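Engineer: This is the structure I have questions about; it appears just below.
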Amino acid sequence: MSTTFQNIIGGKRQDAHSGKTFQNINPATGELLGTFPLSDETDVEAAVSAARTAFEHWRLVPAPKRGEILFRVGELLSRYKEDLARIMTREMGKVLKETRGDVQEGIDMAYYMAGEGRRLFGYTVPVELPNKSGMALRDPVGVVACITPWNFPVAIPTWKMFPALIAGNTIVLKPASDTPQSAFRLVEILHEAGIPEGVVNIVFGSGQTVGEALIHHPDVSIISFTGSTESGRHVAVEAAKSLKRVSLEMGGKNAIIVMDDADLELAVEGILWSAYGTTGQRCTACSRLIIHQDVYEKLLTLLIPRIEKLRLGNGLDEASDVGPVINKRQLESIHEYVKIGQSEGASLVIGGKPATEGELSKGFFYQPTLFKDVKPDMRIAKEEIFGPVLSAIKVASFEEAIAVNNDTKYGLSSAIYTQNVNRVQQAVRDITTGILYVNSGTTGAEIQFPFGGTRGTGNGHREAGIAGLDVFTEWKVVYTDYSGKLQKAQIDNQ
Ligand code: UN1
C-alpha cells in the first residue's frame, strides 16, 4: 500500500513548499511504497530555523535528562524493531535478519548515548598558579545537518543523531531518497519518546537541492555525511568556504587476507557474509580476497559451491540470503564493473549478470559474482563497486598480502585469517585501515568503538564510541582564579 509522507519541521508535518513529490520504490518488486515531498531551499530554511530555535532550549536541558529521552528511544526502537525492519527491507531490499540488525545498531546507540548523558566527560588537571582551577567542558555546537545513505537507513542516522543530541545539538536530517520511509518512522519514534519539537527535523529531497542548501546555510554548524567519496569531497570543499565542521564517512575497498595456515572453512563463512551480505552494499563489505598461493585453489574450491548456494530473493522471505541491489542505476553500474573486469583479463568464475529468473525479474537482482586471477592494479580491485562482486588476488607471502591490502585509496576495514600469533601482531602493527578483524570478516563493527577509516574513507573523524562525540562538541576551558589578586600565567609573579 502506498502512502503520502511529509517533512517533519518544528514537530509539524508539512508538504514541500513547492508541492512537488518523489516516489519510493521497492527494489525487490518495483512496487510503489510511498510518495515523499521533493523539498527545496525554502523547506530547508524552515527546518534550520526550527532547529536553531530549539537549540536555545535543548542545550539547557541537563544531559542526564536528554539521556532519559534517548533511553526511551532505545525502548521504543526495541518495541518497533520488527515493524521498522520490515519497512526497511521493503524499501532497501536487504534481508530481514540484516534489517533487524540495522535497527539493533540504533537501539545499541540509543542506550550507549543515553548513558553518556551522565558522563560526557570533560576533565580537570592541575594549573600552574596557586588558588586557581581549570576545567575543560564539552559544549554543544548548534545545528547539525545529517546527510545519510540508503544502505543503513536506520543505523547510520542514529550514529549521527544520538551523539549529536546527547551533547545538546539539534538536527536536520536529510535521508537518502531511496530509503525515506525508514528515516521518517525513526523520526516519528524520536518524537514519541519525547524529543521536543524542532530538536529533530526531517527534510526529504535530493542531495543537489536539499543537501546543497544545508551545506551552505549559515546557521548549520556541522555537516555529518555518509556516502560516496565523490560526494563527500564535494561536501568538504563547499563546507570549507564557510568553515563548517564536516565529518565524512565514505567508501571502502576492504580486503580479507587468507594465509596458508588459516582455517579455510572458517574463512569461507566470513567471506560469504562480508562479500555478499547486504548484497555487497556496505562500506565495510569485502570486495577483495587476498589469498596465499599455497591455499588459493583450495579456498576457491570450498568457496564457489557456497556462493552457488546463496539464495537470491525478496528480503521479506526468511529463506532469502541475498536481496536486490538498491536501484536500476546501481544494477547497471555493478554490471559495468563486471564488464570492465572481463576486459581487464580477470576470470569470471561465477555470476556476472543481473538475475532475472521468475519473480526476480521484477526487481534489481544481481548474481553473486566472483572473479579470480585479479591483479591488484585492475580497476575491479581498486574501485568501490558497492555490489556483490568479489575479486580474488593471489599473493606469494605475508608481506605481499599486507602490501596489497594497504595499497588502496580507501582505508576502512581489513581482515586476516591466520593461526599464527606473530602474523596477527604484525598485521595489527602494519595494516593501515581504521578497522582490522582477526579471524572474522570485514563487517560487523560494534557501536562502542570508533568507526571510520583512513585515506579516502574519511576526513579523520570517527563515528560511534566516545570518539563519536568529538565532532559534535566544542571544548570550552574555564579558569577560575580565587586568589583575589591578579596572577599571570607564564610570568614570574614574585
Ligand atoms: C556501512 O557500511 O556504511 O560494520 C556501515 C558494519 C556495520 C556498519 C556498516 N556495523 O558492517
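The values are calculated or read from the model by the stated rules, or taken from the named source; none is laboratory data. Quick caveat: nothing in here was measured; it's all calculated off a predicted structure. Virtual Cβ from ideal backbone geometry, glycine too; neighbours counted across all protein chains shown. These accessible areas exclude ligands, DNA and RNA; they are computed on the full protein's heavy atoms, side chains included. Shrake-Rupley method; radii C 1.70, N 1.55, O 1.52, S 1.80 Å.
Engineer: Here's a check for you: in the stretch 195-213, which residue that is under 24 Å from Val61 (Cβ atoms) and of a type in the set (A, V, I, L, M) is surrounded by the fewest Cβ atoms within 10 Å (Cβ to Cβ)?
Structural biologist: Ile195
Engineer: Hey, any hits in the stretch 208-225 for a residue that's among the aliphatic types (A, V, I, L, M) and in a loop (DSSP other than H, G, I, E, B)?
Structural biologist: Scanning the stretch 208-225, I find no residue that is among the aliphatic types (A, V, I, L, M) and in a loop (DSSP other than H, G, I, E, B), so the answer is no.
Engineer: Restricting to the stretch 359-375, count the residues that are open to solvent by 40 Å² or more (accessible area, probe 1.4 Å), over 23 Å from the mean Cα position of the chain (by Cα), under 23 Å from Gln342 (Cα atoms) and in contact (Cβ under 8 Å) with a residue 40 or more places away in the chain.
Structural biologist: So the count comes out to 2.
Engineer: Away from the ligand (no atom under 13 Å from the Cβ), free of Cβ contacts under 8 Å to residues at least 40 places away in the same chain and polar (S, T, N, Q) - does that describe any residue in the stretch 433-447?
Structural biologist: no
Engineer: Taking into account only those residues within the stretch 214-230 that are over 24 Å from Gly456 (Cα atoms) and open to solvent by 20 Å² or more (accessible area, probe 1.4 Å), which is nearest to the ligand (Cβ to nearest atom)?
Structural biologist: If we take residues in the stretch 214-230 being over 24 Å from Gly456 (Cα atoms) and open to solvent by 20 Å² or more (accessible area, probe 1.4 Å), then Asp219 is nearest to the ligand (Cβ to nearest atom).
Engineer: Quick one: which residue in Leu243, Leu289, Leu302, Leu266 is buried (at least 24 other Cβ atoms within 10 Å of the Cβ) and either hydrophobic (A, V, I, L, M, F, W, C) or closer than 30 Å to Gly30 by Cα (or both)?
Structural biologist: Answer to the check: Leu289.
Engineer: Tally up the residues in the stretch 328-353 that are buried (at least 17 other Cβ atoms within 10 Å of the Cβ) and under 23 Å from Ser177 (Cα atoms), please.
Structural biologist: 4
Engineer: So which of Arg423, Arg462 ends up being touching a helix residue (DSSP H, G or I) at 6+ places or on another chain (Cβ under 9 Å) and either within 16 Å of the ligand (Cβ to nearest atom) or among the hydrophobic types (A, V, I, L, M, F, W, C) (or both)?
Structural biologist: Among Arg423, Arg462, only Arg462 is touching a helix residue (DSSP H, G or I) at 6+ places or on another chain (Cβ under 9 Å) and either within 16 Å of the ligand (Cβ to nearest atom) or among the hydrophobic types (A, V, I, L, M, F, W, C) (or both).
Engineer: Can you give me the number of residues within the stretch 177-194 that are of a type in the set (A, V, I, L, M) and open to solvent by 10 Å² or more (accessible area, probe 1.4 Å)?
Structural biologist: The qualifying residues number 0.
Engineer: Pairs only if they're at least six apart or on different chains, beta carbon under 6 angstrom, first in the stretch 390-405 and touching a residue at least 60 places away in the same chain (Cβ under 8 Å) and farther than 24 Å from Leu348 by Cα, second open to solvent by 10 Å² or more (accessible area, probe 1.4 Å) and of a type in the set (D, E, K, R); list them, first residue then second.
Structural biologist: Close Cβ pairs satisfying both conditions: Phe398/Arg423; Ile402/Asp430.
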